[in-house]
Amino acid sequence: MLRGRYEADWVIVGGGFAGLAAARRLSQLVPTDRIVVVDAQRIGWGAAGRNSGFMIDLPHQLAGENYGGAQDHDRKRIRMNRAAIEFSASAADEYGLQRFFVRAGKFHGAATEHGLRSLRDFEGHLIGLAEPFQSLDAADLKRITGTDFFIGGTFTPGTVMAQPAGFIRGLAEGLSGRVQLFENSPVISVQTGKVHTVKIAEGEIAAPRLILTVNGHLESFGFFKKRLLHVFTYASMTRPLSKSEQAALGGEPHWGLIPADPMGSTIRRIGDRIVVRNTFTYNPDMSTSEKQVAQIGVGHVRSFRARFPMLGDIPMEFRWGGHLCLSLNSAPAFGEIEERVFVAGCCNGLGTVQGTLYGMLVADLAAGSNEPMVAEALNEPAPSRLYPEPLMSIGAPLKLWAMHLRAAREL
Ligand SMILES: Cc1cc2nc3c(=O)[nH]c(=O)nc-3n(C[C@H](O)[C@H](O)[C@H](O)COP(=O)(O)OP(=O)(O)OC[C@H]3O[C@@H](n4cnc5c(N)ncnc54)[C@H](O)[C@@H]3O)c2cc1C
């Protein structure tokens with residue numbers, strides 16, 4: 001925790017994927033500058049360490065029915081996502097984090113004919129993009145996952161499966177020689193000026209350049225008001241499966257599967273444990289509650305049992321919810337919003353990659369490097385305005401409800 005007054009050349013608020021990418025890139029661009037990162041919690045305690053770990057190179061539109069978008073847009077997305085993945089790969093190599101960063105590819109699984117049609121549409125889209133994939137049938141998915149729940153699927157090879165907590169904490173530790181990091185230090189106010197002052201309960205940091213990488217909390221600092229959609233998603237993790245339970249399950253010990261319908265369940269097996277993630281809720285106050293997490297956990301158990309009846313009543317040992325920041329037009333919050341105040345946030349549900357991308361690019365922008373992707377990022381639209389109230393508070397939960405209903409057995 002930060003106590004007292006610090007002076008630095010750069011202060012970065014938020015130590016998730018975006019903040020640490022910005023810090024690492026700055027440490028490459030301006031190696032002798034003093035760089036400080038400050039986070040409200042322990043690094044990795046929030047969504048950065050508690051996500052499903054899919055670092056996806058391909059388009060991943062959550063709002064549609066099959067993840068794809070317009071071809072030109074998707075080509076650019078793939079190129080930029082891959083640049084971010086390579087930036088993370090170089091960090092994994094430099095800091096010895098390869099075990100948390102595995103180029104395993106991702107599976108998509110369909111549980112319904114409707115889901116299978118969406119996946120075959122997605123494959124058609126990949127053919128148009130000249131991207132490799134493999135079509136899978138029910139037997140392939142059973143061989144991999146152990147369950148006959150899925151009637152077909154698709155494998156795409158470019159996704160990295162991360163162990164997010166290990167990776168993000170390792171990244172912070174790797175940076176610690178070059179970057180001063182303060183955890184458990186919530187920033188309570190920011191005063192901008194010739195030298196910006198970032199205040200924490202028992203201290204402050206003064207720096208001429210400020211980078212805000214606080215994702216949806218950009219709004220808490222007064223930026224992008226009524227433009228950010230605060231959505232939570234939830235996960236439950238089983239206790240370790242015994243050797244006999246693993247034998248009853250069959251399949252491979254490590255895999256990650258994304259549902260055919262973006263509103264369905266993501267399932268990941270990590271050796272002797274299985275994680276189920278599903279359900280999106282609209283929480284404009286940027287918080288969830290134990291009650292909400294527990295209610296959604298009941299649905300996780302239902303989804304788990306539907307897929308793994310051979311495992312009976314295995315209890316969930318951990319359960320959590322985390323904050324995603326989406327925008328209506330899927331645009332990130334990126335750029336210089338006041339003189340020498342820069343932002344990178346709102347990564348639309350794919351923050352492990354796009355947080356990294358906009359984090360590294362915001363450092364390039366702020367340090368004045370000639371990285372060509374900065375211009376591309378600046379040309380992207382800003383997050384569009386939300387609908388006026390009460391349309392959002394009534395409409396957003398209704399829309400999510402309808403989308404979850406559409407997912408049916410994929411949920
Ligand atoms: C259950 C779940 C599963 C997910 N699965 C995936 C997945 O498989 N793949 C994927 O790409 N994404 C996934 N996500 C989304 C992903 O976790 C986020 O998009 C990503 O963490 C965003 O990175 P970020 O750095 O922009 O923001 P964050 O990770 O949210 O980091 C922002 C940081 O800012 C800090 N902060 C906020 N306010 C303050 C303040 N006032 N003072 C100081 N610090 C502050 C926070 O403590 C936080 O550490 C998932 C999320 C959840 C919850």
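Contact annotation: residue pairs with Cβ atoms under 8 Å, 6 or more positions apart or on different chains, pairing a residue in segment 341-352 that is hydroxyl-bearing (Ser, Thr, Tyr) with a partner that is open to solvent by less than 10 Å² (accessible area, probe 1.4 Å) and assigned to a strand (DSSP E or B), are Thr352/Met55; Thr352/Ala162. For the structure I just gave you, tell me whether Glu7 is of a type outside the set (A, V, I, L, M, F, W, C) and not assigned by TED's automatic domain parsing to the domain that holds Ser265. It is true that Glu7 is of a type outside the set (A, V, I, L, M, F, W, C) and not assigned by TED's automatic domain parsing to the domain that holds Ser265.
Inspect segment 3-22 for any residue being away from the ligand (no atom under 16 Å from the Cβ) and open to solvent by less than 10 Å² (accessible area, probe 1.4 Å) and give the result as yes or no.
First pass over segment 3-22, keeping only residues away from the ligand (no atom under 16 Å from the Cβ): 4-5, 7, 9.
Okay, now just the ones that are also open to solvent by less than 10 Å² (accessible area, probe 1.4 Å), so none.
No, there is no match, as no residue in segment 3-22 is away from the ligand (no atom under 16 Å from the Cβ) and open to solvent by less than 10 Å² (accessible area, probe 1.4 Å).
Taking the conditions exactly as written (basic (Lys, Arg) and buried (at least 21 other Cβ atoms within 10 Å of the Cβ)), does Lys106 satisfy them or not? Full working, then the answer.
Numbers: basic (Lys, Arg): yes; buried (at least 21 other Cβ atoms within 10 Å of the Cβ): yes.
When the stated conditions are applied, Lys106 passes them.
When Gly115 is tested against the conditions (1) buried (at least 18 other Cβ atoms within 10 Å of the Cβ); (2) part of a helix (DSSP H, G or I); (3) within 18 Å of the chain's Cα centre (by Cα), the lone failure is (3). Counting the residues of segment 207-257 that are within 16 Å of the ligand (Cβ to nearest atom) and under 20 Å from Trp320 (Cα atoms) gives 16.
Residue-by-condition table, conditions (1) within 22 Å of Gln354 (Cβ to Cβ); (2) in contact (Cβ under 8 Å) with a residue 40 or more places away in the chain; (3) part of a helix (DSSP H, G or I):
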| site | (1), (2), (3) |
| --- | --- |
| Phe167 | yes, yes, yes |
| Ile188 | no, no, no |
| Gly193 | no, no, no |
| Lys199 | no, no, no |
| Ile205 | no, yes, no |
| Leu210 | yes, yes, no |
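One residue stands out among those in segment 224-243 that are open to solvent by less than 40 Å² (accessible area, probe 1.4 Å) and assigned to a loop (DSSP other than H, G, I, E, B): the one that is farthest from Ile188 (Cα to Cα), which is Leu241.
The values are calculated or read from the model by the stated rules, or taken from the named source; none is laboratory data. The shown structure was predicted, so the numbers you read here are calculated from the model rather than taken from an experiment. Cβ: placed from backbone, ideal geometry, glycine included. Neighbour counts: every protein chain shown. With ligands, DNA and RNA removed, areas are computed over all heavy atoms of the protein, side chains included. Shrake-Rupley method; radii C 1.70, N 1.55, O 1.52, S 1.80 Å.
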